[in-house]
1. Test of understanding: ordering E81, E287, E207 by Cβ neighbours within 10 Å, fewest first, what list do you get?
2. Summing Lys, Arg as +1 and Asp, Glu as -1, what charge do residues with Cβ under 12 Å from the Cβ of E144 carry, E144 excluded?
3. Taking θ = phi - 60°, what integer Hz values does the Karplus form 6.51 cos²θ - 1.76 cosθ + 1.60 yield along the range 163-172, in sequence order, with x for Gly and Pro?
4. Where a ≥ b ≥ c are the square roots of the eigenvalues of the C-alpha gyration tensor, would you call the range 1-108 rounded, which needs a/c under 1.5, or, failing that, prolate if a/b is larger than b/c, or oblate?
5. Net charge near G218: determine it from the other residues with C-beta under 10 Å of the C-beta of G218, scoring Lys and Arg +1 and Asp and Glu -1.
6. Which residue, Q53, Q216, Q147, has the most motion in a Gaussian network model of the chain that connects Cα atoms within less than 10 Å?
7. Using only alpha carbon pairs under 8 Å that are at least six residues apart, calculate the relative contact order of the chain and give it in whole percent.
8. Please report the antiparallel percentage of the DSSP beta bridges confined to the range 2-95, to the nearest 5.
Amino acid sequence: MKIALLARNPKLYSHKRLVQAAEERGHEMHIIDTLKVVINLAAHKPDMKYLGQNLVGFDAVIPRIGASITFYGTAVLRQFEVMGVYPLNESVAISRSRDKLRSLQLLARKGIGLPITAFAHTTTKPGEIIEMVGGAPVVIKLLEGTQGIGVVLGETEAAAESMIQAFGGLKANILVQEFIKEAGGTDIRCLVIGDKVVASMKRTGKEGDFRSNLHQGGSASMIKITPEERSTAVRAAKIMGLGVAGVDMLRANHGPVVMEVNSSPGLEGVEKASGIDVAGKIIEYIEKNAKPNKTKTRGKG
Ligand code: ADP
């Protein structure tokens, strides 16, 4: 197969592994720097150019679109879909998963366990929001944050109120969430491919940090997940419409709660912690599923 890898940085571990896994299986992988693609919207002959060449003849496209380029990245992916190329994750599903509020609303609607969450734009009554999620301590998150940046813990009522006011002063959209203390600064990342969790890891924050993000100095290790965690992760990915997803969960007293569903999960932490060849499994999934015009939306979404 001829596969396009939409990625800005070919040197990232995840991207190198995907190229290696594809080539080992005899496929031709082209790394395409998303922002350098030029889209031609012509009605009868949709087309794209990359460094002067027409992007034609691809069987599949693997989107690895960073959060900062979601807008242009999903437009390029949509154009591949219009041209009938099979996407590992569809553009509509990626856009959906990038909107934290929309994602949580969709997951809640389908009965997925979530931390109790309230959403506010600006408020003159922060106490009311804190009350709504059961009182301090609460976690406050910037809707536009990623990799743990913009996630803070309001340990007391007074601290939480002033944080909410500070974000309000900046006109930022925030989520206020029940603090899952019993998770002990550890979260679980499940790598879902199709209808299976193929690998998982637990991430633990550095000493004194309740955030377990690897980008914030957290460390990854192996974990055995429960059948309930497994089915929650698979359902969450399916609800978002993602073929491949990283589902982040916390172990709450009343069962797993989902924090986020990531459409471009990093492979380094999870492959090293689990010892599983996740990149190989992604390529195998493409081999099984890639057929021309096999997207639900063909770029219509
Ligand atoms: P980001 O998308 O920026 O990574 P997350 O929502 O995943 O933000 O939060 C970052 C980290 O903070 C999580 O990995 C988790 O360890 C911790 N965390 C987030 N929400 C909660 C919560 N409600 N209770 C306890 N810990 C949380």
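Values quoted throughout were computed directly from the atomic coordinates according to the rules given, and no laboratory measurement underlies them. Note that this is a predicted model, so its numbers are computed, not measured. Neighbour counts run over all protein chains shown; Cβ positions are idealised from the backbone, glycine included.
1. Details: E81 25, E287 15, E207 7.
If I rank by nearby Cβ atoms, fewest first, I get E207, E287, E81.
2. On the way: positive: R98, K100, K141, K171; negative: D99.
Value of the local net charge: +3.
3. 5, 5, 5, 5, 5, x, x, 8, 6, 8
4. On the way: a/c = 1.75, a/b = 1.20, b/c = 1.46.
The shape class here is oblate.
5. Values: positive: K202, R203, K206, R211; negative: D187, D209.
Local net charge: +2.
6. The residue with the greatest mean-square fluctuation here is Q53.
7. 20 percent
8. Values: 6 of 17 bridges.
DSSP beta bridges in the range 2-95 are roughly 35 percent antiparallel.
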